[in-house]
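Just so it is clear, none of the values below were taken in a lab; they were calculated from the coordinates. Please read all numbers here as calculations on a predicted model, not as lab measurements. Don't worry about glycine lacking a Cβ; one is built from the backbone with ideal geometry, like all the others, and counts go over all protein chains shown.
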Amino acid sequence: MTPALILAHAGHWLAGLLYLAPVLIVVGALLYQSWKDRRRGDDDPDDDVSDIEVSQGP
Amino acid sequence: MSSAARRARRAVVGVAAVALALPASASAHGLVGKQDLPIPRWLFAWAAAVVLVASFVGLAVLWAQPRLQQVVERRRFAIPRVLEVLAGAVGVAFFAFAVYAGFAGTQAATANILPTVIYVYFWVAIPFLSAAFGDVFRAFNPWLAIGKATGWAARRLGGDTAPEPLPYPPWLGRWPAVVGVLVFAWVELVYANKDDPSQLAVMALAYAAVQLVGMSLYGVQAWSNRADAFGVYFGFFARVSPLHWRDRALYTRPLLGGCPSLRPVAGTVALLCTMIGTTSFDGFSQGTTWNSIVPHLQDFFASLGLNAEHALEAAGTVGIVVMCCLIGLLYRLGILGMQTVGRRRPAGELAGAFAHTLIPIALAYVVAHYFSLLAYQGQAIAALASDPLGDGSDLLGTAATGINYTWISATGIWYVQVGALVLGHVAGLTLAHDRALALYAKARDAMRSQYWMLAVMVAFTCLGLWLLSAAAQQ
């Protein structure tokens with residue numbers, strides 16, 4: 001696709017961004033929360049073994 | 001919280017409530033009317049995202065223990081063996097008649113019953129029925145019935161001398177079903193002669209032949225459970241249903257109760273991504289974005305020596321494959337995000353563990369994209385059943401019955417589509433939350449892992465609404 005094509009259909013892409021915005025907001029909030037969690041240093045990988053068996057059928 | 005913040009929050013919640021509480025009216029698979037919406041379409045995506053975030057919080061607060069990992073099924077009643085045989089015979093007879101109509105009937109697509117039966121009743125109506133009533137296709141599956149009957153006859157005639165089937169290769173998993181669904185979707189969405197009744201009849205026979213060969217090599221049940229594309233496809237949707245037909249009996253279970261027991265054998269994630277991707281491409285191919293890209297792709301393939309028709313098919317092939325890959329990539333991103341929480345689990349293990357969460361999403365996409373097709377084109381069966389070959393006969397006296405396009409408005413269909421997408425993704429989020437509680441020892445890690453699934457669900461919802469919106473604006 002050429003740059004000219006992208007510019008010619010800018011209206012379509014810009015309208016599409018309105019649908020992308022909620023995703024970007026949620027991802028941004030998640031990244032911020034993850035960063036806060038890491039700063040707090042509350043990861044404890046050794047304590048992450050579930051004793052619940054997940055059953056799976058056919 | 002400040003009063004301004006409270007007001008803002010009330011406004012957002014109000015928009016979400018209005019967006020979801022308004023009564024339903026039609027856009028669909030090529031059947032789009034004028035919609036009269038109170039708010040811009042993009043605002044529905046925002047409202048849907050708010051609903052998903054609210055659902056996520058609700059699950060974190062109210063759903064502290066896994067409840068769906070081992071559901072209790074209650075046996076309701078048994079079904080006589082004769083009914084099973086009868087249903088199989090009906091399926092075979094119906095299949096034989098549909099193929100006969102494809103060859104013997106008129107080759108005008110709208111007058112021959114075969115294209116409508118395949119694209120509307122087989123491909124669209126059965127997923128709806130499966131989600132409501134369980135795996136009904138399995139009872140009428142014609143190639144399965146023929147395979148079972150052949151196996152029964154071989155045992156009767158050959159006794160112990162009949163050869164044992166080969167062990168089904170674990171690496172093959174559900175990959176044959178992936179190929180089958182992708183090829184069918186390609187025929188439906190890309191192939192230039194998709195409506196040609198005789199070609200559809202040939203393809204139906206070829207598919208049945210492949211199934212019979214597969215069953216003869218690997219055994220009826222082993223092949224049918226993994227490799228029969230349509231059997232597996234409809235079977236996935238049946239996992240959503242509270243009804244479970246097995247061992248010639250009907251069992252009841254909680255809604256979505258069949259999803260967590262999905263065994264993520266090879267190809268399972270690919271199949272689910274293909275299911276969502278092909279439906280997404282159906283919507284995308286009706287929008288302005290694709291229609292602005294496709295001439296350039298078509299020119300590119302024409303420059304390689306393809307004629308206009310094949311160049312268009314090549315462009316569509318690229319589109320459908322890219323869309324399936326995009327869906328797979330989106331899911332993979334969510335999985336990679338989950339990997340950062342707690343003990344590092346292999347991405348493949350996590351992808352398999354959460355694969356079943358894609359089932360209600362695939363169903364939501366089917367409902368959202370094909371509801372209007374079923375609502376309108378589905379009515380054509382009255383006329384086609386009375387004149388299945390399109391030769392002017394009127395067997396039932398309903399050959400002149402038309403399609404009522406006014407029973408549901410375009411706006412109503414939009415609300416059905418939005419409702420289906422939101423409900424499907426909330427269901428996916430619920431399944432993912434429940435699986436996370438079972439996988440992670442600490443509830444906090446389970447919730448943190450689901451941040452990423454929330455992002456995936458919001459992305460799928462907004463993508464679905466963007467696709468529907470683009471199709472509606474065409």
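Spin-label point model (7 Å from Cα, Cβ direction): what's the B:Asp36 to B:Val202 distance in nm? It is 4.9 nm.
So between B:Val179 and B:Ala89, what do we pick up on full extension, going 0.36 nm a residue minus the alpha carbon distance?
Net length gain for the segment: 29.7 nm.
So between B:Val61 and B:Arg248, what do we pick up on full extension, going 0.36 nm a residue minus the alpha carbon distance?
On the way: separation 187, 0.36 × 187 = 67.32 nm, distance 4.02 nm.
Taking B:Val61 through B:Arg248 to full extension adds about 63.3 nm, to one decimal.
One decimal place: the segment B:Ser303-B:Gln221 gains 24.8 nm when fully extended, by the rule 0.36 nm per residue minus the C-alpha distance. Averaged over the residues of B:36-43, the number of partner chain Cβ atoms lying within 10 Å of the residue Cβ comes to 2. The Cα trace of the stretch B:34-473 gives Rg and Dmax of 22.7, 71 Å, the first to one decimal, the second as a whole number.
Counting helices only, and only those DSSP H runs with n ≥ 4, report the 222 nm mean residue ellipticity of the protein assembly as shown as the sum of -39,500 (n - 2.57) divided by its residues, in deg cm²/dmol to the nearest 500. Working shown, then result.
Details: 21 runs with 347 residues, N = 532.
Result for the protein assembly as shown: -22000 deg cm²/dmol, rounded to the nearest 500.
Across the alpha-carbon atoms of the stretch B:215-255, the computed radius of gyration and Dmax are 12.0, 36 angstrom.
Between B:Tyr251 and B:Arg76, B:His244, B:Trp245, B:Arg246, the built amide H atoms are under 5 Å apart, and every one of these is 5 or more places off in sequence or on another chain. For B:Thr317 and B:Thr110, the FRET efficiency from 1/(1 + (r/R0)^6), where r spans their Cβ atoms and R0 equals 22 Å, is about 0.25.
Per-residue mean of foreign Cβ neighbours for A:25-34 is 5 (Cβ atoms of other chains, 10 Å radius).
Placing dummy labels 7 Å off each Cα toward the beta-carbon, the span from A:Tyr32 to B:Glu164 is 6.2 nm. Across peptide B:438-447, the mean count of Cβ atoms from other chains lying within 10 Å of each residue's own Cβ comes to 4. Would you mind pulling out the separation of the Cα centroids of the stretch B:383-400 and the stretch B:105-132, in Å? The stretch B:383-400 and the stretch B:105-132 have Cα centres separated by 16 Å.
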